[in-house]
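Below is one structure, written out as structure tokens; comments come after it.
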Amino acid sequence: MSSDSPTSGFVAFVGAGPGDPNLLTLRGAELLAKADVVVPGEEAHRALLRHSRPEVEVAEGDYLHHAAAGRLVVRLCEGDPMLFSTVAEEVAACAAAEVDFEIVPGVPSATAVLAYAGIPSAVSVPEFRVVDAAREQDWSSHAACPGTLVIYHGLADVVAIGKALVAGGKPDTTPVAVTSSGTTTEQHTVVSTLGRLQADLKHAGLAEPALVVVGEAVGRRDTLSWFETKPLFGWRVLVPRTKEQSRSLSEQLVSYGAVPEEVPTISVEPPRTPQQMDRAIKGLVTGRYEWVAFTSANAVKAVREKFEEYGLDARAFAGLKVAAVGDATARALVEFGVRPDLLPSGEQSSEGLVAEWPPYDSMLDPINRVLLPRADISTDTLVAGLTELGWECDDVTAYRTVRAAPPPAPIREAIKGGGFDAVLFTSSSTVRNLVGIAGKPHNVTVIAVIGPQTAKTAEEFGLRVDVMADRPSASALAAALAEYGAKQRSAALAAGDTPRRPSQTRRGARRRVK
């Protein structure tokens, strides 16, 4: 029984997919957004709660009483609810209790994990057989399978299964792939043959959930593997920024296969006294300024909030010229409804902005005043440069930056103990603040910085800089780290070694710069 828009008690058995939370179906996301109660089932499924309302109740154990009380319950199930799942009894219980239910298929591991491991479902023989090792006793019937054999729940007995398949007539040279934690950034695949399984898996460190694939299709992995070969696959990367600033950077890191960990090092707060900003906004509206220069997305946010406080919108910028120090600041302005008139074509910094700024010309410019809404710790580079060009500047504190609280103990231990593979520093203040609240990163951790000034600060703290962005933007910094990771991987493969993450090389690590 099902309903597109359930209005009474209802249970939806939703397939959560194989592990990657982005493989949830649209129908699953739609039901999660409406749910009153979510039953995660597995701890990993809690990541899917991002689709739910903030007030959703998370429940464990018996949940039928919630549906009986008229609430919409989403029961998350591993993979596909109807494929080797134990939820059939729960579905039957709903039917017996006369509670409406719906079964939402999920992406099954049998196909998804193979795709993420770079193994096609079949090559020359169009047969694809899926077996649950927990229920199968006679493997001789599967030895004659000419296509691809996929085995669920078989890791504990994989060596015995391999021997049984060989005893049943399968050549001991038949390729086998065992993938653990498929479709997640913990995915690890070991390729072997039926005859070498015991030796190759002895120190592999694999754990359930795992999938065993037997057949010639495994041989295609060398050319089709795309997930585990990402440049930062499995790298745990520390992003020491404010939550608002780190989101797009973290998304970019995920696209490279990394696992970003956002640790705020600064907190953005309003000015201690708001009168200065109040006067600036009034002057902006009454025509006091010719230009407004924004040096950060936070400055845009501060002005936008002041506008909203006074009932103003982007139309108040009519007649003003607007400058932005870089791409991120320009994006924040565009989201506000303002397109900047001036953006550095070269270095995205105060120096780069001054280099592009036109000198004051009394014949062309009716007003010679510039508004600079900035942080309380900004440097005077921009003010000095504009003053030299003949402009008068109102340098106004739009927001304050203060050091954030220390991160939780496990994060601090990972920073100092080498648990992170890389850390991205997007400014000198992020270096100072991270070291101040959490200590210095371990010497195996790759240090990536946004530019020369940040590199200088990092070196002053005894950190060796491994990566520097080719231009001062967070996106360029992430791309530079990905390029570094790709080169490290290529070098390891060229030397005949297995690529290892920096955190896996703590012994014999390089020394910091003294």
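The values are calculated or read from the model by the stated rules, or taken from the named source; none is laboratory data. From a predicted model like this one, the values you see are computed outputs, not experimental measurements. When we count neighbours, we look across all protein chains shown, and the Cβ atoms used for this are built from the backbone with ideal geometry, even at glycine. Calculation scope for accessible area: heavy atoms of the full protein, side chains included, ligands and nucleic acids excluded. Shrake-Rupley method; radii C 1.70, N 1.55, O 1.52, S 1.80 Å.
Residues in region 84-115 that are aliphatic (A, V, I, L, M), assigned to a loop (DSSP other than H, G, I, E, B) and at pLDDT 90 or above: ALA97, VAL99, VAL107. Each residue in region 162-191 was checked for being over 16 Å from VAL131 (Cβ atoms) and surrounded by 22 or more Cβ atoms within 10 Å (Cβ to Cβ), and 3 pass. Across region 442-454, not a single residue is classified as at pLDDT below 95, outside any loop (DSSP other than H, G, I, E, B) and either basic (Lys, Arg) or on the phi > 0 side of the Ramachandran plot (or both). Scanning region 287-313 for residues that are in a helix (DSSP H, G or I) and at pLDDT below 90 turns up ALA297, ASN298. Residues that are touching a Gly at 6+ places or on another chain (Cβ under 9 Å), among the β-branched types (Val, Ile, Thr) and farther than 30 Å from SER255 by Cβ do not occur anywhere in region 24-38. The residues of region 17-29 that are within 22 Å of GLU89 (Cβ to Cβ) and under 19 Å from the mean Cα position of the chain (by Cα) amount to a single one, GLY17.
So, LEU424, is that one in contact with a Leu (Cβ under 8 Å, 6 or more places away or on another chain) and at pLDDT below 90 or not?
No; evaluated as a whole, the condition is false for this residue.
Tallying residues that are in a loop (DSSP other than H, G, I, E, B) and either over 18 Å from SER250 (Cβ atoms) or open to solvent by less than 10 Å² (accessible area, probe 1.4 Å) (or both) within region 418-436 yields 3. Of the residues making up region 62-82, those that are more than 17 Å from ASP20 (Cα to Cα) and open to solvent by 60 Å² or more (accessible area, probe 1.4 Å) are ASP62, HIS65, ALA68, ALA69, ARG71, MET82.
Scanning region 300-341 for residues that are free of Cβ contacts under 8 Å to residues at least 24 places away in the same chain and over 23 Å from SER473 (Cα atoms) turns up GLU305, GLU308, GLU309, GLY311, ARG315, ALA318.
Of the residues making up region 136-161, those that are open to solvent by 70 Å² or more (accessible area, probe 1.4 Å), out of contact with any strand residue (DSSP E or B) (no Cβ under 9 Å at 6 or more places or on another chain) and of a type outside the set (A, V, I, L, M, F, W, C) are GLN137, ASP138, PRO146, ASP157. Scanning region 343-358 for residues that are open to solvent by less than 30 Å² (accessible area, probe 1.4 Å) and free of Cβ contacts under 8 Å to residues at least 40 places away in the same chain turns up PRO344, GLY352, TRP357. For ALA12, the conditions (1) crowded, with 18+ Cβ neighbours inside 10 Å; (2) modelled with pLDDT under 95; (3) among the small types (Gly, Ala, Ser); (4) not in a loop (DSSP other than H, G, I, E, B) all hold with the exception of (2). The residues in region 392-416 that are part of a helix (DSSP H, G or I) and either in contact with a Ser or Thr (Cβ under 9 Å, 6 or more places away or on another chain) or open to solvent by less than 30 Å² (accessible area, probe 1.4 Å) (or both) can be counted, and the count is 3.
One line per residue, one yes/no per condition, for (1) part of a helix (DSSP H, G or I); (2) in contact with a Ser or Thr (Cβ under 9 Å, 6 or more places away or on another chain); (3) open to solvent by less than 30 Å² (accessible area, probe 1.4 Å):
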{"site": "ALA199", "(1), (2), (3)": "yes, yes, no"}
{"site": "VAL218", "(1), (2), (3)": "yes, yes, yes"}
{"site": "PHE227", "(1), (2), (3)": "no, yes, yes"}
{"site": "GLY234", "(1), (2), (3)": "no, yes, yes"}
{"site": "SER248", "(1), (2), (3)": "yes, yes, no"}
{"site": "VAL254", "(1), (2), (3)": "yes, yes, no"}
{"site": "PRO260", "(1), (2), (3)": "no, yes, no"}
{"site": "VAL268", "(1), (2), (3)": "no, yes, no"}
{"site": "GLN276", "(1), (2), (3)": "yes, yes, no"}
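Out of the residues in region 359-391 that are farther than 28 Å from SER427 by Cβ and either in contact (Cβ under 8 Å) with a residue 60 or more places away in the chain or within 40 Å of the chain's Cα centre (by Cα) (or both), which is least open to solvent (accessible area, probe 1.4 Å)? Once the filter is applied, the top-ranked residue is ASP365.
Is it fair to say GLY485 is at pLDDT below 95 and either outside any loop (DSSP other than H, G, I, E, B) or not aromatic (Phe, Trp, Tyr) (or both)?
Taking the combined requirement at face value, the residue does not satisfy it.
Condition check for PRO472 on (1) out of contact with any helix residue (DSSP H, G or I) (no Cβ under 8 Å at 6 or more places or on another chain); (2) buried (at least 18 other Cβ atoms within 10 Å of the Cβ); (3) part of a helix (DSSP H, G or I): one failure, at (3).
Considering only region 150-167, I want to know if a residue exists there that is more than 30 Å from LEU23 (Cβ to Cβ) and of a type in the set (D, E, K, R). Checked region 150-167: at least one residue is more than 30 Å from LEU23 (Cβ to Cβ) and of a type in the set (D, E, K, R).
Criterion applied to GLY439, GLY451 was being surrounded by fewer than 16 Cβ atoms within 10 Å (Cβ to Cβ) and more than 22 Å from the chain's Cα centre (by Cα), and the one residue passing it is GLY439.
Out of the residues in region 104-135 that are crowded, with 23+ Cβ neighbours inside 10 Å and small (Gly, Ala, Ser), which is nearest to GLU228 (Cα to Cα)? Across region 104-135, the extreme among qualifying residues is ALA117.
Would you confirm whether or not region 201-213 contains a residue that is open to solvent by less than 30 Å² (accessible area, probe 1.4 Å), small (Gly, Ala, Ser) and touching a Ser or Thr at 6+ places or on another chain (Cβ under 6 Å)? Yes.
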